[in-house]
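Working notes, beginning with the structure itself.
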Amino acid sequence: MAARKQPLKKPAAKPAPKPAAGKAPVRRAARPGKSPGKSGGKPYETGLDRNRANYQPLTPLAFLERAASVFPGHTAIIHGKARTSYRDFYARSRRLASALAQAGVRKGDTVAVMLANTPPMLEAHYGIPMLGAVINALNTRLDAATIAFMLDHGGAKVLITDREFSETVAAALAQLKKKPLVIDYDDKEFPQNGRRLGDLDYEKFLKSGDPDFAWKMPADEWDALALNYTSGTTGNPKGVVYHHRGAALMGYGNALAGTMVNHPVLLWTLPMFHCNGWCMPWSLSAVAGTHVCLRWVRAGAIFDAIAAHKVTHLCGAPIVMSTLVNASFTERRSFSHTVTFMAAAAPPPESVLAAMADAGFTVVHVYGLTEVYGPAVVNEWHAEWDRLDSAGRAAKKARQGVRYAPLEELAVLDPKTMKPVPADGKTIGEVMFRGNIVMRGYLKNEKATRDAFAGGWFHSGDLGVMYPDGYIQLKDRSKDIIISGGENISSIEVEDALAGHPAVLFVAVVARPDPKWGEHPCAFVELRPGATATQEEMVAFARARLARFKVPRTVVFTELPKTSTGKIQKFALRERAKLL
């Protein structure tokens with residue numbers, strides 16, 4: 001069991017005097033200027049203080065300890081033919097913590113991981129923070145220069161890297177003046193041809209560690225737990241810092257939003273480097289679920305895993321849904337149960353939802369950002385909405401929804417006055433968050449942190465509306481709004497209209513400079529395999545569904561550029577639109 005007998009630490013409090021032998025330290029929760037022993041007629045402030053018996057800092061690390069204690073023989077991880085029980089998952093995580101400690105890793109140090117969705121990535125989410133160190137999961141699809149920046153900016157002391165990514169990592173390390181200790185992971189289930197970059201092998205490194213390592217709970221739940229970098233489409237990426245409290249609360253929040261009970265089985269279609277896999281590596285331990293690792297997201301492999309392991313949950317961007325609904329007959333497998341797909345980004349068109357339902361999936365629409373630990377908003381569905389007609393249901397499904405259970409406040413505010421916009425479903429404001437699942441801030445970037453938290457709210461940069469029932473709906477990113485002839489045009493609204501065309505697979509709408517109107521909507525359309533369409537056809541389709549000034553005047557058929565997490569790179573399309 002973990003060693004938990006350490007003094008509690010309260011943020012901004014002075015160190016308590018050393019307790020007498022055999023007595024537990026006590027923290028007084030007195031108000032400033034008041035004696036902790038005098039109530040002033042307020043009995044709830046006398047003798048009811050924090051102590052080791054009634055207060056422990058929140059941390060998701062406790063989830064794994066509990067799962068290993070209660071369900072030691074239950075399968076925690078499936079990877080190829082390999083199976084890992086919760087007993088062994090916990091022991092291997094403690095080995096990793098012990099080995100890292102022997103390598104000189106201390107509290108506050110950064111340990112970077114360049115790993116696919118494999119068991120070491122899950123072990124890193126526990127073993128690294130067991131030392132009070134910070135896990136930095138690197139985006140495996142980025143270029144060497146960006147990886148080098150992250151390693152340098154985050155001050156990585158150790159790098160655990162998969163041989164699949166050795167070419168990129170080698171180029172990144174060559175750019176660093178101070179290199180981290182490199183540990184190579186060689187996947188025995190799915191061997192890779194990449195070269196070794198260090199002198200240490202992951203499995204041998206683990207064997208040097210103690211499976212009974214006495215890790216410590218954080219003294220302060222505000223301690224840094226993880227470092228995640230934003231996409232950095234303009235300038236260098238920003239380092240988003242998570243704390244133990246937020247990650248623990250997200251562990252519960254994900255389970256509630258995804259209805260994860262009774263040993264759920266999660267197939268890893270979402271990259272674990274993306275917001276720490278939306279904190280799902282921690283969530284699943286809270287409900288003693290099973291992780292099914294997936295090295296590459298392929299339709300056949302997904303269907304095989306669902307059928308073989310009775311997968312109950314998937315997570316990911318709409319591109320994963322597209323992979324599923326467009327799977328060939330030979331790739332598909334039959335299964336009798338329903339699979340919950342937690343989908344982020346823009347809500348899928350009704351036709352895609354129908355195709356997902358036919359394939360055996362139910363979609364839970366969520367929305368969030370790196371700065372709020374992944375999804376923090378969920379479209380909670382009401383049973384009475386099932387009785388609406390197709391258009392009515394589509395309108396409800398198009399909304400992002402309401403706050404996650406562990407998020408205290410979600411609002412749509414005027415960014416200038418910081419006052420709520422009317423809840424009329426029409427007035428546009430900025431979506432803002434406040435609560436325990438908001439990041440600590442941006443690492444080594446005080447100005448960006450101040451700007452993000454101006455007025456006591458986290459500014460998302462997303463524009464949206466609030467409905468009378470408290471549900472929000474995104475209308476655009478602040479930088480993506482199109483202003484044509486003085487009229488604001490939501491690119492999302494135009495995209496939703498075009499997405500209903502049967503030939504359209506993906507669509508993105510951006511502003512194109514216009515000598516008369518300032519700018520006008522320009523649509524970039526990626527067609528379904530084998531489908532055809534013309535600009536005239538698309539314009540006519542949009543005109544039947546939109547006000548005339550919102551109809552795109554330019555339509556370009558092309559494969560859309562996407563980020564490593566499947567999001568469409570609108571900044572690249574804006575540059576293309578300027579050259580048309």
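The values are calculated or read from the model by the stated rules, or taken from the named source; none is laboratory data. Note that the structure is a prediction, hence the values are computed from the model and not measured. Here the Cβ positions follow ideal geometry from the backbone for every residue, glycine too, while neighbour counts run over all protein chains shown. What goes into the accessible areas is simple: the full protein's heavy atoms, side chains included, and nothing from ligands, DNA or RNA. Shrake-Rupley method; radii C 1.70, N 1.55, O 1.52, S 1.80 Å.
Within the stretch 179-202, residues that are farther than 20 Å from A82 by Cβ and touching a residue at least 40 places away in the same chain (Cβ under 8 Å) reach partners that are open to solvent by 30 Å² or more (accessible area, probe 1.4 Å) and not hydroxyl-bearing (S, T, Y) with beta carbons closer than 8 Å, at six or more positions or on different chains, in the pairs P180/K157; L181/A103; L181/K157; L181/L200. The set of residues in the stretch 433-456 that are open to solvent by 20 Å² or more (accessible area, probe 1.4 Å) and of a type in the set (F, W, Y) comprises Y442, F453. Might you let me know whether the stretch 390-399 holds any residue that is without any contact (Cβ under 8 Å) to a residue 40 or more places away in the chain, of a type in the set (S, T, Y) and more than 26 Å from G246 (Cα to Cα)? Within the stretch 390-399, none of the residues are without any contact (Cβ under 8 Å) to a residue 40 or more places away in the chain, of a type in the set (S, T, Y) and more than 26 Å from G246 (Cα to Cα). Residues in the stretch 439-456 that are aliphatic (A, V, I, L, M) and part of a helix (DSSP H, G or I): A448, A452, A454.
Loosely packed, with under 14 Cβ neighbours inside 10 Å and at pLDDT below 95, is that true of A12? Yes; evaluated as a whole, the condition is true for this residue. Has the stretch 408-427 got at least one residue that is open to solvent by 50 Å² or more (accessible area, probe 1.4 Å), within 30 Å of P513 (Cβ to Cβ), of a type in the set (K, R) and assigned to a strand (DSSP E or B)? No, that holds for no residue.
Filtering the stretch 132-154 to residues that are open to solvent by 30 Å² or more (accessible area, probe 1.4 Å) and closer than 29 Å to M217 by Cβ leaves only H153.
Residues in the stretch 356-381 that are open to solvent by 30 Å² or more (accessible area, probe 1.4 Å) and charged (D, E, K, R) were compared, and the one that is nearest to N445 (Cα to Cα) is E380. Among the conditions (1) under 30 Å from H274 (Cα atoms); (2) among the charged types (D, E, K, R); (3) modelled with pLDDT of 85 or more, E493 misses just one, which is (3).
Which strands (runs of 3 or more DSSP E) sit wholly inside the stretch 457-569 and have at least 2 residues that are closer than 30 Å to T140 by Cβ and open to solvent by less than 50 Å² (accessible area, probe 1.4 Å)?
Once the strands (runs of 3 or more DSSP E) in the stretch 457-569 are filtered for at least 2 residues that are closer than 30 Å to T140 by Cβ and open to solvent by less than 50 Å² (accessible area, probe 1.4 Å), what remains is 458-466, 472-477, 504-514, 518-527.
Just one of (1) outside any loop (DSSP other than H, G, I, E, B); (2) modelled with pLDDT under 95; (3) surrounded by fewer than 21 Cβ atoms within 10 Å (Cβ to Cβ) fails for S334. It is (1).
For A405, indicate whether it is open to solvent by 30 Å² or more (accessible area, probe 1.4 Å), within 21 Å of P375 (Cα to Cα) and among the aliphatic types (A, V, I, L, M). For A405, the condition - open to solvent by 30 Å² or more (accessible area, probe 1.4 Å), within 21 Å of P375 (Cα to Cα) and among the aliphatic types (A, V, I, L, M) - is met. If the condition is being more than 31 Å from the chain's Cα centre (by Cα) and farther than 22 Å from E519 by Cβ, then the stretch 541-574 contributes only A544.
Within the set K207, K178, the sole residue that is out of contact with any Lys or Arg (no Cβ under 9 Å at 6 or more places or on another chain) and open to solvent by 30 Å² or more (accessible area, probe 1.4 Å) turns out to be K178.
Does D109 satisfy the criteria of being among the acidic types (D, E), open to solvent by 30 Å² or more (accessible area, probe 1.4 Å) and more than 27 Å from Y442 (Cβ to Cβ)?
Values: among the acidic types (D, E): yes; open to solvent by 30 Å² or more (accessible area, probe 1.4 Å): yes; more than 27 Å from Y442 (Cβ to Cβ): no.
Considered against the rule, which asks whether it is among the acidic types (D, E), open to solvent by 30 Å² or more (accessible area, probe 1.4 Å) and more than 27 Å from Y442 (Cβ to Cβ), D109 comes out as no.
Scanning the stretch 385-397 finds no residues that are outside any strand (DSSP E or B), aliphatic (A, V, I, L, M) and more than 29 Å from V494 (Cα to Cα).
All of (1) closer than 21 Å to A247 by Cβ; (2) surrounded by 15 or more Cβ atoms within 10 Å (Cβ to Cβ); (3) out of contact with any Leu (no Cβ under 8 Å at 6 or more places or on another chain) hold for V70 with one exception: (2).
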